[in-house]
Structures are given as C-alpha cells and as structure tokens.
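S.K.: Here it is, the structure, as structure tokens.
Derivation of every value follows stated rules applied to the coordinates shown; laboratory data play no part. None of these values were measured; they are calculated from a predicted model. Note that each Cβ is placed from the backbone with ideal geometry, even for glycine, and that neighbours are counted across all protein chains shown.
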Amino acid sequence: MPGIVNETSEIWRGTVLVSRQLLDGTPIATAELTAQVAARAAPTIALPDHIHTPGDPSGEVLVGELDGARTVHTWIEDVALGLGPDPIVATVTPFDDGYRVEVRARSVARDVTLLVDRLDPAARVDDALTTLPAGMSATFTVHTTARLTAAKLTSPLVLRSANDLARSRAVAGPVGDFRHGSAPEADRTRFHGTCSAVT
C-alpha cells in the first residue's frame, strides 16, 4: 500500500487525492481520502477496491496527491509497463548561471533525468529520477558555465527516462529488468513509496 510520512513533531490531518488512470492520463477511478498521521509516523493508506485493483496493470498507474506532493505507483515493474517511447516535451530557458529545462509529460514519464555531465563534466543539475504522470511538468535547473544549445540539452543522450526501455524494445527486442526506488517528496509531509506492487 502507499503511505504517508510525517516528518514533523505535530499531528497532520488532510485529504489525499488518489486516481487510477491510464498512462495517457485518462482517469478511470478517483477518490478523496481523509487521513490523520501522528507525529514522526509513517502509516500506510487503505485504498477502496475500485482504486486498489487495476483492470490492466501494464497500462495503468495510481497517482496520489497530498499538499503539493505527488507520487506515482505501478502494479508491475517498469520493464513490463506499456510506457510510451517519447513521453515528454522539453523547453530550455537560459539564465545567468546556466539553463532551466522544463519537461511536460504527454504520457507517464518514469525517472526523468538530465545527464548533463555528458555535455560538461563540471555541470550540475538540481534534481533527477523524477516521475511525471500525464499532463504534469517539472523544471530542472542546470548550473554550468558552458555554452549549450537546447538541442544538446534535450538530446536522447542527455534527457533520459525509464521510457527509453520502450524505445530499446522497439529496436532490439526484450531487455533486462529495470528497478526504480525513488519517490517524490514535499518539504514536511510527503508520500512514500517504491515501484513495488500496490497491494
């Protein structure tokens, strides 16, 4: 089951929004769940049956939202999901210390990462392994003194995701196992989970 981590010294009360949806963001079932979490606690959440059980595990995800935090759960490993090979649109904006790369998901994008050291060994990026449900976006801030182009920053060698497995399957057939172990988090109260099956 997905859970909530309360890292504060106070009781947290709020509403959790959960949605079982297709990879393209089409909602199948939704629910609002009221939660109360004790200080420094990490309880799991009981999900209603219409949310809990997928019709097609390879084509659905469970998206949870809480206080600005969002997490995406799957019922099977990434390699078995019907992930689209080209799920995101990226926009690059320069600023004084480098570049901001905004990525928006057209369908579920797993573990989006910018491998900026392939362009500049000294470059740094502020985030990695970000999973986006369809319709959501994230901005990566790249700090570098190198002069880079939008084409380079968004090239397939730099802008990567677990969806690249789908592209690899199309070219070379089945590929090996891919495991995911990250979870989005908010500053104080957050969702917690891995890619293991929601039970």
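S.K.: With a cut-off of 8 Å between alpha carbons and a minimum separation of six or more residues, what is the relative contact order of the stretch 88-165 in percent?
M.R.: Over the stretch 88-165, the number comes to 37 percent.
S.K.: Test of understanding: extend the Cα→C-beta vector of ALA90 to 7 Å, then name every residue of the stretch 129-145 with backbone N under 14 Å from that spot.
M.R.: 129-130, 138-143
S.K.: Only counting other Cβ atoms within 10 Å, I'd like PHE95, PHE140 sorted with the fewest neighbours first.
M.R.: Sorted ascending by nearby Cβ count, the order is PHE95, PHE140.
S.K.: Determine ³J(HN,Hα), in whole Hz, for all residues of the stretch 91-99 in sequence, where each value follows from phi through the Karplus function 6.51 cos²θ - 1.76 cosθ + 1.60 and θ = phi - 60°; x replaces Gly and Pro.
M.R.: 10, 10, 10, x, 9, 4, 9, x, 9
S.K.: Moving to a separate point now. Output needed: percent of Cα pairs per 10 Å distance bin for the stretch 88-165, bins running from 0 to the one holding the longest distance.
M.R.: Computed distribution, short to long bins: 20, 58, 21, 1.
S.K.: In sequence order, what are the phi-derived ³J(HN,Hα) couplings for the stretch 50-67 according to the Karplus relation 6.51 cos²θ - 1.76 cosθ + 1.60 with θ = phi - 60°, rounded to whole Hz, with x for glycine and proline?
M.R.: 5, 9, 5, 10, x, x, 9, x, 7, x, 9, 9, 10, 10, x, 10, 7, 6
S.K.: What shape does the stretch 35-123 take by its C-alpha gyration tensor, where a ≥ b ≥ c are the square roots of the eigenvalues and a/c under 1.5 counts as rounded, a/b above b/c as prolate, and the rest as oblate?
M.R.: Oblate, because a/c is 1.5 or more while a/b does not exceed b/c.
S.K.: Just rank THR71, THR130, fewest to most, by other beta-carbon atoms within 10 angstrom.
M.R.: Exposure proxy ranking, most exposed first: THR130, THR71.
S.K.: List every residue whose amide H lies under 5 Å from the amide H of GLU7, counting only residues 5 or more places away in sequence or on a different chain, with H placed 1.01 Å from N in the peptide plane.
M.R.: Placed amide hydrogens put ARG190 under 5 Å from GLU7.
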